[in-house]
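> This is the structure I want to talk about, given as structure tokens.
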């Protein structure tokens, strides 16, 4: 009992311990013990009040800090979400503007090339037009001068005297003169194989004028057909160049878009891999925390059980001591031990006149039969040297009884506090387990969702890569087709105007020759 009091109460005085251990000469000191216990009570009450005040202040400070931190966390979380949303919008805008910039730059290069070619073509046409205009002006001047000379009165009078016919414009035209005029016109026309055949036909004597006219009609129809074919070919080339160029630009934009999509997919895959790794690490850390909390709860529960067992044993010892004192000082309050219950075999032995085996002495603490699971073994104090004459002190025993009652109350209070702490600890542990289970379920669901998103993104990446490869192959085929168009159409486009003008000139010459052969007079 002395050992339990020393262990459980830090306020146990030397006098109380000495009293319980039986050391020294006995002297009644119930009043002094009561004073000691009162002083202990006052000190414990003051310490409890101070500890309560400190605890309340700490709780209030903790609550204020937690409210401030929660508000700060909420504000920072909102800022992070807003900035993440803004970052995504800006990334999309930047990608779109980059695509628009690339398209605009390509269109600018194409327009610049077209403008340069157009300037060259316009300069060439202006030069050609100036030359044609100058040549036509000279021709008109020559014609006006010639007509003025021929229509002069003196010239007409001279023609009347010199020429056999009465009028210059009414001269008789022969076949030879018609062929000669037609040959003159054809010789001025651009040289070609068909013109050469007509020249040979006019110079020969096998073909009459009718057959030559027919040949001229056929040649004019052939030239018109050739011009029509060239026009159709030029239109076809222009349309094919335009459509192929549009298709090429569209395919190039598709390749750029697919490259952007591939980069986005790769970035998202990297982000998802990091997030999945963090979730797995978080789940592992959560499982570790749950295991550690479970182990701590087991240890706390074992400590609680040991405390209850020790305090219960201490209470039993104190009650045993109190009951023993009552047996001596106040027999009315004494509670005798329960009557021994005999077994059936023992009753038969007594009925037959036998005797029972001696009852074994009670063990446990000080022979009381009270045991504690974690009781420490301490050597008993040495016996006193001498004893004085003993005298029964019936009045001072109340102080000792009250002291024992205070110790029992202290043990009850300690066990009550321990049970409350155990209940709170168990409730906190269950709450934490529930929250941990919910968090693990949420994290596991998030992990499944992100793994599914990762698989979808990887599939989209593969699809974009396949689409890019297919688009690049189509773009390569389009470039080859454009190259074949250039080899087929560049010569025609380059010399189209010259061919058109030469053919038109040839047709004009043929028409004039035909008109001459038909009797037209251009004089």
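> May I ask you to compute the full-extension gain from residue 134 to residue 298, defined as 0.36 nm times their residue separation minus their alpha-carbon distance, rounded to one decimal in nm?
47.5 nm
> Moving on to the next point. What does a probe at residue 290 reach in the stretch 406-438, counting residues whose amide N is under 15 Å from the point 7 Å along Cα→Cβ?
From the stretch 406-438, the list is 429-438.
> Related question: Given R₀ = 51 Å, what would the calculated FRET efficiency be for residue 103 paired with residue 442, taking r from the Cβ atoms and rounding to 0.05?
For R0 = 51 Å, the calculated efficiency reads 0.65.
> Please compute the modelled spin-label separation between residue 466 and residue 55, points set 7 Å along Cα→Cβ, answer in nm with one decimal.
That separation, rounded to one decimal, is 6.9 nm.
> Turning to a different aspect of this structure: Could you tell me the calculated FRET efficiency between residue 426 and residue 94, based on Cβ-Cβ distance and R0 = 41 angstrom, to the nearest 0.05?
So the FRET efficiency works out to roughly 0.15.
> What nm distance separates the two modelled labels at residue 327 and residue 228, each placed 7 Å from Cα along Cα→Cβ?
Each label point is offset 7 Å from its Cα along the Cβ direction, giving 14.4 nm.
> Sorted by average packing, counted as other Cβ atoms within 10 angstrom per residue and highest first, what order do 257-270, 64-77 take?
So the peptides 257-270, 64-77, ranked by packing, come out 257-270, 64-77.
> Quickly work out the residue 483-to-residue 119 label distance, labels modelled 7 Å from Cα along the C-beta direction, and quote it in nm with one decimal.
If labels sit at residue 119 and residue 483, their model points lie 3.1 nm apart.
> I would also like to ask the following. Mind checking the full-extension length gain between residue 249 and residue 459? Use 0.36 nm per residue of separation minus the Cα-Cα distance, one decimal, nm.
72.9 nm
Here, each number is a calculation from the coordinates, and none is a lab measurement. Please read all numbers here as calculations on a predicted model, not as lab measurements. Here Cβ is always computed from backbone atoms with ideal geometry, including for glycine, and neighbour counts include all displayed protein chains.
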